[in-house]
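The values are calculated or read from the model by the stated rules, or taken from the named source; none is laboratory data. Predicted model only: the values in this text are computed from it and were never measured. With ideal geometry, Cβ positions are generated from the backbone for all residues, glycine too; neighbour counts draw on all protein chains shown. Accessible surface is based on the protein model in full, side chains and every heavy atom, while ligands, DNA and RNA are left aside. Shrake-Rupley method; radii C 1.70, N 1.55, O 1.52, S 1.80 Å.
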Amino acid sequence: MESLKQKILTEGKVLSDSVIKVDAFLNHQVDPAFMQSIGEEFASRFAELSITKILTLESSGIAPAVMTGLSLGVPVVFARKRKSLTLNEHLYSAEVYSYTKNESNEISISKDYIDSDDVILIIDDILANGQAALGMIDLVEQTSAALKGIGVVIEKGFQDGRGKLYRRGVHVESLATIASLSDGHVTFQNKEDAV
Ligand code: 5GP
């Protein structure tokens, strides 16, 4: 998606050979009109799959997921990273390991919002090592709903997320794939191939 690549080049900040900061439009500040175009792009890529519900993970997945839900006309459920007063029982839960923080966190959704006859699309902000996506796949499997694919706004193609999801047989669409962040420069892969 060309406009996204431009946004990454102009507003992203390369923090190291493996980490890019995209707070300006994805992880902190959100440009609603731009995010809507991201939702429309995901909606067109998954349009034929009869999706009934979108699953994402708080907090940075929510904006692209909601815009995709708006375009597809389906509800969005976001998994929570912390249990709360109102979300503490009747849950599906999964572990998500974070390489950057070297710790595991539990993510949860209420059993009320995904049924076994739902057809699920997972949307997330960034695919790196795939742990967040694998945690959400684990949640979907517990619900017995059908998983039709995963859409990520930015994929870091030099990490193994896509490979892990491929090995689980999951279709992945990314809107921009970063091949390298070496020497402070963003290099994109020419084509965002679908698995
Ligand atoms: P994964 O589980 O695929 O390794 O990474 C999942 C999450 O870590 C992403 O949803 C994102 O929030 C965060 N993350 C991983 N790599 C980066 C990065 O280079 N930049 C930013 N901003 N977030 C990242």
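Between 120, 150, 114, 126, the distinction of being modelled with pLDDT of 95 or more, within 16 Å of the ligand (Cβ to nearest atom) and open to solvent by less than 10 Å² (accessible area, probe 1.4 Å) belongs to 150 only. Candidates are the residues of the stretch 45-58 that are in contact (Cβ under 8 Å) with a residue 24 or more places away in the chain and out of contact with any helix residue (DSSP H, G or I) (no Cβ under 6 Å at 6 or more places or on another chain); the one that is nearest to residue 1 (Cα to Cα) is 45.
Evaluation of residue 103 against the conditions (1) within 14 Å of the ligand (Cβ to nearest atom); (2) open to solvent by less than 60 Å² (accessible area, probe 1.4 Å); (3) on the phi < 0 side of the Ramachandran plot; (4) free of Cβ contacts under 8 Å to residues at least 40 places away in the same chain shows that the sole unmet condition is (2).
Within the stretch 128-155, the residues that satisfy the criterion of being out of contact with any Phe, Trp or Tyr (no Cβ under 9 Å at 6 or more places or on another chain) and either under 20 Å from residue 40 (Cβ atoms) or hydroxyl-bearing (Ser, Thr, Tyr) (or both) are 144, 150, 152, 154, 155. Please work out if residue 93 is open to solvent by less than 80 Å² (accessible area, probe 1.4 Å), part of a strand (DSSP E or B), under 26 Å from residue 119 (Cβ atoms) and not hydrophobic (A, V, I, L, M, F, W, C). When the stated conditions are applied, residue 93 passes them. Within the stretch 35-47, is there a residue that is among the hydroxyl-bearing types (Ser, Thr, Tyr), within 16 Å of the ligand (Cβ to nearest atom) and either open to solvent by less than 70 Å² (accessible area, probe 1.4 Å) or out of contact with any Phe, Trp or Tyr (no Cβ under 6 Å at 6 or more places or on another chain) (or both)? No, the stretch 35-47 contains no residue that is among the hydroxyl-bearing types (Ser, Thr, Tyr), within 16 Å of the ligand (Cβ to nearest atom) and either open to solvent by less than 70 Å² (accessible area, probe 1.4 Å) or out of contact with any Phe, Trp or Tyr (no Cβ under 6 Å at 6 or more places or on another chain) (or both).
Taking the residues in the stretch 1-34 that are assigned to a loop (DSSP other than H, G, I, E, B) and among the acidic types (Asp, Glu) as candidates, determine which candidate is nearest to the ligand (Cβ to nearest atom). This residue is 17. In a loop (DSSP other than H, G, I, E, B), buried (at least 18 other Cβ atoms within 10 Å of the Cβ) and over 16 Å from the mean Cα position of the chain (by Cα) - does that describe any residue in the stretch 66-78? There is at least one residue in the stretch 66-78 that is in a loop (DSSP other than H, G, I, E, B), buried (at least 18 other Cβ atoms within 10 Å of the Cβ) and over 16 Å from the mean Cα position of the chain (by Cα).
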